[in-house]
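Worksheet: the structure to be examined is printed underneath.
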Amino acid sequence: MVSAIRKNYSDCAITLSVGERSRESYEKLFSAGANRYLLRHETATASHYAMLHPSDMDFANRMRCLQDLKEIGYQVGCGFMVGSPHQTLEHLVKDLRFLKEFQPHMVGIGPFLSQKDTPFAHYENGSGELTLFLLAVIRLLLPKVLLPSTTALRTLLPPGKEWGIACGANVIMPNLSPMEARKKYTLYDNKRIMGTEAAEQIEWLKKQLEDIGYTVAVTRGGSPMLKEKNH
């Protein structure tokens, strides 16, 4: 699939997010034409990572994967959930220090939102306000980073997309999946599924962003994908 996309759309950035793999697998995907790989680090604290994952998942391996991806030549994206179970302010400080040291090309953060079929079903959702604050901090730490305004933020705070952009987010990622299929893979309860998130509604999305002073630059993502009109 990667080879076919690269052949037919030579000007696009192919972004993958298919989890932890061997270095050999990452190298084959890169050789096939993939450019960017998104793999949330989840937390920069090993003890916290163990609280969030099954025992067969290893913090050191997650970090090894991120380092392998960067060494191979991918643009690498990482990130974490704000307000995830057992998270403390000390964990968040360590996450920010990790981002500054690792220098990813993209950072994805959003509030933790519970899901009824998981061990964390009864934990409280994370804070949208803290997420907005951290978006602003990350923009200051990493001025050129690609920083999405996530669906999770828009689910928790209905104007979250616009507020996220105002706080430093510069990426919107339309959903290519058919509307009727999206409820089959919701990652959290009450996910906000808006028609304007769909790729077929891109013109309406552009209009929404123009209303708050931004234009959409459909590019490979090497520079901010949302631009202030009067900047």
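The alpha carbon centroids of the stretch 59-106 and the stretch 154-179 are separated by 21 Å.
Among (i) 23.0; (ii) 17.1; (iii) 18.6, find the value of Kirkwood radius over Cα pairs in Å that was calculated from the structure presented, and write down its label. Derived directly from the coordinates: (iii).
Gain on full extension, evaluated as 0.36 nm per residue between His53 and Gln103 minus their Cα-Cα distance, stands at 15.5 nm.
Helical content of the chain, expressed as a calculated mean residue ellipticity at 222 nm, amounts to -11000 deg cm²/dmol (DSSP H runs of 4 or more residues, -39,500 (n - 2.57) each, divided by residue number, nearest 500).
First measure r as the distance between the Cβ atoms of Ile212 and Ser10, then evaluate 1/(1 + (r/R0)^6) with R0 = 35 Å and state the FRET efficiency to the nearest 0.05. The value I calculate is 0.60. Answer rounded, prolate or oblate for the stretch 1-118, using the Cα gyration tensor with square roots of eigenvalues a ≥ b ≥ c: rounded when a/c is under 1.5, else prolate when a/b is larger than b/c, else oblate. Since a/c reaches 1.5 and a/b is larger than b/c, the shape of the stretch 1-118 is classed as prolate.
Between amide H atoms placed 1.01 Å from N, distances below 5 Å from Ala44 occur with Asp95, all of them 5 or more places distant or on a separate chain. Positive end of the dipole of the chain (Cβ unit charges, origin at the Cα centre): among Val145, Ala32, Phe120, the Cα lying farthest that way belongs to Ala32.
The charge dipole of the stretch 19-64, taken about its Cα centre with unit charges on the Cβ atoms of Lys, Arg (+1), Asp and Glu (-1) only, comes to about 200 debye.
Note on Met173 and Val2: the model spin-label points, each 7 Å out from Cα along the C-beta direction, lie 1.6 nm apart. Computed from label points 7 Å out along Cα-Cβ, the spacing between Arg23 and Gln201 is 4.5 nm.
Only the coordinates and a few stated rules stand behind these numbers; no lab work does. Quick caveat, the model's predicted, so the values are computed rather than measured. As a convention, Cβ positions derive from the backbone with ideal geometry for all residues, glycine included, and neighbour counts pool all protein chains shown.
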